[in-house]
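In what follows, a structure is listed as structure tokens, so that the remarks can point back to it.
Readers should treat all values here as calculations from the given coordinates under stated rules, not as data from a laboratory. The model shown is predicted, which means the values in this text are computed figures rather than measured ones. Cβ: placed from backbone, ideal geometry, glycine included. Neighbour counts: every protein chain shown.
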Amino acid sequence: MSDASENPDNYCYRHPKRQSFVLCQRCGRTICSDCQTPAAVGVHCPECMKEARASAPRTKPAVVTAFRRGTEAPVVTWTIIGICIVVYIAQLVSRGAVGDALFYHPLYTETQPWRMITSLFVHSESSFLHIIFNMYSLLVIGPLLERAVGHLRFLALYLLSGLGGSIAVLLIDPRIGVLGASGAIFGLLGAFFIINRHLGGNNLQLLIVIGLNLVIGFVIPNIAWQAHIGGLITGGIVALVYLRTRRQNQRNEQILLLAGVLIGLIVITVIGVSILPSRFA
């Protein structure tokens with residue numbers, strides 16, 4: 001009778017001088033302790049582990065898959081919040097230089113009209129609650145609307161509402177400068193009210209929220225209630241466009257109507273700029 005230890009099959013296939021009686025559960029080859037990888041049942045050799053890893057489906061982090069085309073995740077809302085936070089940090093680091101370059105004042109309208117939009121992403125450096133309250137409001141209502149109307153429509157609604165808020169400041173009180181996302185957020189509230197009303201939802205609580213926030217703007221100083229009203233009206237108009245062009249075959253009509261809203265806002269801005277000198281006379 002021969003000694004089992006002398007059988008070459010009892011030595012690791014990768015280390016011929018190392019005796020072992022443990023077999024890979026996939027291929028059946030003998031493997032030593034250094035070549036063993038624990039598996040659900042038994043152990044696997046290095047080659048079988050490589051094959052298993054190569055054939056296993058690769059899963060990407062949720063933060064990556066969330067930004068894929070067709071996703072229902074509120075990526076536009078998250079992106080806006082992220083930009084506002086980054087800009088706010090830049091404001092603090094630059095000691096106000098970034099805020100000074102991006103905030104909106106009606107006197108800048110003719111020479112730096114982009115401030116009417118960039119002001120939506122800057123917030124007061126003296127009050128941390130300003131950005132906290134706005135970002136929380138956006139986080140609450142943003143995903144609801146973005147899932148309802150889609151990513152690009154939500155972005156158009158947000159930017160047009162913010163532009164409408166800046167125009168309201170230009171028309172109502174051109175002596176003040178503004179910054180913050182509240183004008184655009186009021187546009188989201190106005191749109192949500194119109195859409196919810198059309199679908200037969202209860203708007204009482206939403207009306208209370210909108211009313212309270214409008215009153216706060218009138219009562220507490222240094223709050224641009226003009227932007228709130230402008231954003232609210234513009235958001236409501238955009239929502240009406242969405243509701244009237246809901247069918248797939250009305251997509252071109254919807255784009256044209258949104259372009260009409262934008263052109264109308266631009267025309268109002270031009271009129272506001274033209275009468276601006278007389279407001280300071």
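Figures for the structure shown
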read-out	value
Mean Cβ count within 10 Å, highest first, over the residues of peptides 116-129, 160-173	160-173, 116-129
Charge sum, other residues only, whose C-beta stays under 12 Å from L258's C-beta, Lys/Arg counted +1 and Asp/Glu -1	+2
Computed label-point distance, nm, for sites E47 and I271 using a 7 Å Cα→Cβ extension	8.1
Shape of the range 4-47, Cα gyration tensor, a/c cut at 1.5	prolate
Net charge, E146 excluded, C-beta distance under 11 Å - Lys, Arg +1, Asp, Glu -1	+1
Net lengthening on full extension, I172/I255 (0.36 nm per residue, minus Cα-Cα)	27.0 nm
Nearest-0.05 FRET efficiency for L240 and L144, computed from C-beta distance (R0 22 Å)	0.75
For peptides 28-34, 16-22, sequence by mean Cβ density within 10 Å, most packed first	28-34, 16-22
Extension reserve of the L92-L107 stretch, reckoned as 0.36 nm per residue once the Cα distance is removed	2.9 nm
Shape call, the range 73-262: gyration tensor on alpha carbons, a/c limit 1.5	prolate
Whole-Hz couplings from phi, Karplus 6.51/-1.76/1.60, listed for the range 108-125; x for Gly and Pro	8, 4, 6, 9, 9, x, 4, 4, 5, 9, 5, 5, 5, 10, 10, 9, 4, 7
Length added when fully stretched, T79-S33, from 0.36 nm per residue minus Cα-Cα	11.6 nm
